[in-house]
1. With the requirement that a residue be farther than 20 Å from residue 236 by Cβ, part of a helix (DSSP H, G or I) and among the hydrophobic types (A, V, I, L, M, F, W, C), what does segment 181-205 give you?
2. Taking segment 219-237 as the region of interest, how many residues are surrounded by 13 or more Cβ atoms within 10 Å (Cβ to Cβ), outside any helix (DSSP H, G or I) and either charged (D, E, K, R) or out of contact with any Ser or Thr (no Cβ under 7 Å at 6 or more places or on another chain) (or both)?
3. What pairs come out if I take residues in segment 181-193 that are modelled with pLDDT of 95 or more and of a type in the set (Lys, Arg) and pair them with residues that are within 11 Å of ligand 2 (Cβ to nearest atom) and not in a helix (DSSP H, G or I) whose C-beta lies under 7 Å away, six or more apart or interchain?
4. Which of the following residues is farther than 27 Å from residue 132 by Cβ and either touching a residue at least 40 places away in the same chain (Cβ under 8 Å) or among the acidic types (Asp, Glu) (or both): 204, 196?
5. Can you tell me which of 85, 67, 55 is in contact (Cβ under 8 Å) with a residue 60 or more places away in the chain and in contact with a Leu (Cβ under 9 Å, 6 or more places away or on another chain)?
6. Hey, which of the strands (runs of 3 or more DSSP E) in segment 1-75, taking only ones fully inside, have at least 3 residues that are crowded, with 22+ Cβ neighbours inside 10 Å?
7. What is the one condition in (1) in contact with a Gly (Cβ under 6 Å, 6 or more places away or on another chain); (2) closer than 27 Å to residue 96 by Cα; (3) surrounded by fewer than 22 Cβ atoms within 10 Å (Cβ to Cβ) that residue 193 does not satisfy?
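The values are calculated or read from the model by the stated rules, or taken from the named source; none is laboratory data. Predicted, not measured: the structure shown is a model, and the values here were computed from it. Please note: Cβ atoms are built from the backbone with ideal geometry, for glycine as well, and neighbour counts cover all protein chains shown.
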Amino acid sequence: MSKIALVTGATSGIGRATALQLAKLGYQIIATGRRTERLEELKEEITTVPVFTLAFDVREKKAVKEAIASLPEEWKQIDVLVNNAGNAHGLSPIQEGSLEDWDAMLDINVKGLLYVTHEVLPQMVQRKKGHIVNIGSIAGKEVYANGNVYCASKHAVDALSKAMRIDLIHEGVKVSEVNPGLVQTEFSEVRFKGDKERAANVYKGIDPLVADDIAEVIAFMVSRPAHVNLSEVTILAGAQATATIANRK
Ligand code: NDP
Ligand code: 8X3
């Protein structure tokens with residue numbers, strides 16, 4: 001029987017690439033995000049395995065609950081959950097921070113991850129089987145100037161990944177975390193609220209990672225045999241030493 005993977009944030013960047021990579025491995029895909037037209041495009045693009053789309057905002061716990069509960073019986077046994085949906089909103093010193101940006105980052109990156117996990121976990125625990133991959137960040141390992149709340153949200157993902165691994169060890173559920181560095185996706189455009197020039201500057205002078213670099217790692221993680229858990233991977237661009245130190249040409 002083929003396995004099922006649910007990927008949050010599958011409308012763009014790392015999540016989209018992950019859905020494509022896991023489909024290549026033969027996983028049936030539950031693709032989620034808010035932009036329904038992009039979910040439909042992805043569904044059309046994946047022709048080798050069945051795809052089910054669910055549009056919801058991870059911040060809305062009722063919507064998350066209803067969406068997961070609405071899955072048809074044959075889609076309910078999710079084997080792999082990739083908690084990827086997330087973004088940075090703004091980059092400013094704490095004293096100039098926006099409450100809306102702070103709410104967005106904590107509600108999406110932390111509480112959204114928890115809400116989705118809360119709805120998907122029971123059947124994994126019941127079946128003593130499953131693998132959760134949380135997308136953290138190098139920003140969950142270091143803090144950098146003006147990154148304050150985004151870094152805090154990703155440090156929370158790091159703590160939760162470790163804590164989930166402990167709590168689920170006797171339940172047969174693996175927990176892994178992937179911590180990417182600079183990946184060129186829509187991430188910086190979202191962070192800088194549509195300012196494409198400022199977003200492009202983030203990757204100027206280096207060869208950044210691309211979404212597929214991260215998706216390949218996730219595909220490798222979930223395809224390890226039962227006795228292996230690749231618990232944590234930090235993946236930086238080749239020209240990157242830390243979140244903020246890079247060899248820019
Ligand atoms: P993108 O902006 O390309 O993708 C973000 C995805 O998250 C989209 O599919 C978006 O879907 C989804 N999303 C955002 N907000 C919500 C919401 N409220 N409800 C549901 N889905 C939501 O960025 P990336 O692919 O780069 O980011 C994916 C993850 O990787 C994030 O967790 C990010 O923090 C992390 N990361 C990214 C790095 C980078 O440099 N790019 C580095 C380290 C970590 P939609 O808008 O359709 O809802
Ligand atoms: C995204 C990577 O360094 O921009 O999480 O915070 S960074």
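1. Hit for segment 181-205 is 190, nothing else.
2. Within segment 219-237, the first condition is being surrounded by 13 or more Cβ atoms within 10 Å (Cβ to Cβ), and the residues that meet it are 219-224, 229-237.
Next, only the ones that are outside any helix (DSSP H, G or I) stay: 223-224, 229-237.
Then keep just the ones that are either charged (D, E, K, R) or out of contact with any Ser or Thr (no Cβ under 7 Å at 6 or more places or on another chain) (or both); that gives 223-224, 232-237.
The total comes to 8.
3. Taking only residues 6 or more apart or on different chains, the pairs are 191/87; 191/88; 191/91.
4. Values: 196 fails: either touching a residue at least 40 places away in the same chain (Cβ under 8 Å) or among the acidic types (Asp, Glu) (or both).
The unique qualifying residue is 204.
5. Numbers: 67 fails: in contact (Cβ under 8 Å) with a residue 60 or more places away in the chain; 55 fails: in contact (Cβ under 8 Å) with a residue 60 or more places away in the chain.
It is 85.
6. In segment 1-75, 4-7, 28-33 are the strands (runs of 3 or more DSSP E) which contain 3 or more residues that are crowded, with 22+ Cβ neighbours inside 10 Å.
7. (1)
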